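S.K.: First the structure, which I've put down as structure tokens, then a few questions once you've had a look.
The values are calculated or read from the model by the stated rules, or taken from the named source; none is laboratory data. Everything numeric here is computed off the predicted structure, so don't read it as measured data. Because the Cβ atoms are built from the backbone with ideal geometry, glycine has one as well, and the counts that use them run over all protein chains shown. Accessible surface is based on the protein model in full, side chains and every heavy atom, while ligands, DNA and RNA are left aside. Shrake-Rupley method; radii C 1.70, N 1.55, O 1.52, S 1.80 Å.
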Amino acid sequence: MSPTLNTLSVPFLDLKTQNQAIKAEWTSAIDAVTSESQFILGPAVARFEAAFAEYVGVKHCIGVNSGTTALQLALHASDVGPGDEVVTTPHTWISTTWAISYVGARPVYVDVDPKTYNLDPQLVAQAITPRTKAILPVHLYGQTCDLKPLQELADRHGLTLIEDAAQAHGARYQGRRAGSIGRMGCFSFYPGKNLGAFGEAGAVVTDDDAAARRMRCLRDHAQDGRHNHVEVGYNARMEGLQGAVLDVKLRHLDAWNAARRRNAARLSELLDGTPGLQLPTAASPDAHAWHLYVVLVEDGVREGLLQRLAERGVAAGVHYPTLVPFQPAYEHLGYRPGQLPVAEDVARRCLSLPMYPELTDMQIEYVAESVKECLKTC
Ligand SMILES: Cc1ncc(COP(=O)(O)O)c(C=O)c1O
């Protein structure tokens, strides 16, 4: 190993470099908000909502205070509630299921596809009962799900298809952007996402005029006109400063995603053929926004590999080690080991390597070389 490579360190994410590169743009956008002093919703949020709706290719974007709330509002506005079932994935960030619980419905988990780790449409079909009200797939790690069969199922059974696109800003399915295919698409702008705010933020996008109107109302204490609260609402408004920052960053999203794709391709090229390593794949180049670059390692290797990588200055992570139905919060649902074999296998063996637009060639080479070296002793 060359001495230069030996001294490298590769963080899991490098927001500082990204923010520094566009500092002039966001400082002036923030200045404009403070001059106007419209800190809740206001013109900056309205500008971002219009720009993001156009970017995704839908009529409406409703800016809210997190991705979790976006999912909750989408389910609420689809009249999903107590007694209803929502078919979803067990392998995701837990918010997908939180939102189902918040509206009083019951999550029903089905197994995932072994290549994409996204919901398997055939298993979704088998899980539909007379109580099913919605299907809630997640575009995991940034790769769009196979939505056509899911939409067909939704149409055939009168269900609502809601996309959890929290990790897939800009990814496409058959030419259309993630979030624009189901009745609603939900996004998170958590700072580490491909499009991230300077704090908490999220959005729902939709072509449905009535649902959009209802969600605009719901997020603002369900006010339909000042002091007229038409149902039990939320304080879920997006902040003006977040709207301003997101509007600036949206202009860079395609370039950042292109850099992620290049970096993912380079890393895959360097890691290709490494014994004991299963690399991520993309159904088509634009289907994956590479929010995360997730490999599968052999059983029992992950903890040692994480440790050895950390010793070499490479920060890796695990997304996610425990399936949602096996979390203590959801033990009461009664899922047992062996019921979701593919997802269980992925959860046991997945490991996320650093992936972001600002990775340098040298850092990518160092990550690949470190993984290969460390695996030899794991
Ligand atoms: C798949 C998925 N769904 C929902 C969320 C929730 O978003 P937030 O953290 O903005 O509430 C996230 C983000 O962490 C996510 O990755």
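S.K.: Roughly how many Å² of Val367 are accessible to a 1.4 Å probe, to the nearest 10?
M.R.: Its accessible surface works out to 0 Å², give or take rounding.
S.K.: For the stretch 18-250, what percent of Cα pairs sit more than 26 Å apart? Don't skip to the end; give the middle numbers.
M.R.: Working: 9201 of 27028 pairs.
In whole percent, the long-distance tail amounts to 34.
S.K.: Mind checking the dipole of the chain: about its Cα centre, +1 per Lys or Arg Cβ, -1 per Asp or Glu Cβ, Debye to the nearest 20?
M.R.: Values: 35 positive and 42 negative charges, 31 e Å.
My answer is approximately 140 debye.
S.K.: Length gain on complete extension for the stretch Gln18 to His229, per 0.36 nm per residue less the alpha carbon to alpha carbon distance? Could the numbers behind the result be given before it?
M.R.: Values: separation 211, 0.36 × 211 = 75.96 nm, distance 4.14 nm.
Length difference between fully extended and current span is 71.8 nm.
S.K.: Might you report the magnitude of the Cβ-based charge dipole of the stretch 265-378 about its Cα centre, with Lys and Arg at +1 and Asp and Glu at -1, to the nearest 20 debye? Mind showing how you got there, number by number?
M.R.: On the way: 9 positive and 15 negative charges, 58 e Å.
Roughly 280 debye for the stretch 265-378.
S.K.: Would you mind calculating the relative contact order of the chain from Cα pairs under 8 angstrom and at least 6 residues apart, reporting the percent as a whole number?
M.R.: Details: 776 pairs, mean separation 83.0, N = 378.
Result for the chain is 22 percent.
S.K.: If the elastic network links every pair of Cα atoms under 10 Å, which of Pro149, Pro337, Pro280 fluctuates the most in the Gaussian network model of the chain?
M.R.: Greatest mean-square fluctuation among the candidates belongs to Pro337.
S.K.: Let me cross-check Leu15: its accessible surface, 1.4 Å probe, with only protein heavy atoms counted, in Å² to the nearest 10?
M.R.: Looks like 50 Å² after rounding.
S.K.: Rounded to the nearest 10 Å², what accessible area does Thr377 show when all protein chains are kept and the probe is 1.4 Å?
M.R.: It works out to around 90 Å².
S.K.: How many nm is it between the label spots at Asp361 and Glu25, if each spot is 7 Å from the Cα in line with the beta carbon?
M.R.: Label at Asp361, label at Glu25, 2.5 nm between them.
S.K.: Can you pull the semi-axes for the stretch 253-376, root of five times each eigenvalue of the Cα gyration tensor, sorted largest first, whole Å?
M.R.: On the way: eigenvalues 146, 68, 33 Å².
Result for the stretch 253-376: semi-axes of 27, 19, 13 Å.
S.K.: Still on this structure: With unit charges on the beta carbon (Lys/Arg positive, Asp/Glu negative), name the residue among Ile22, Ala329, His291 whose Cα is farthest towards the positive pole of the charge dipole of the chain.
M.R.: Ile22
S.K.: Just the accessible area per residue of the stretch 18-250, please: how many Å² with a 1.4 Å probe? Could the numbers behind the result be given before it?
M.R.: Working: 8770 Å² over 233 residues.
With all protein chains present, the stretch 18-250 gives 38 Å² per residue.
S.K.: So, how do all the Cα-to-Cα distances of the stretch 337-378 break down into 10 Å bins, in percent, from 0 on up?
M.R.: Using 10 Å bins, I get a P(r) of 23, 35, 28, 14, 1 for the stretch 337-378.
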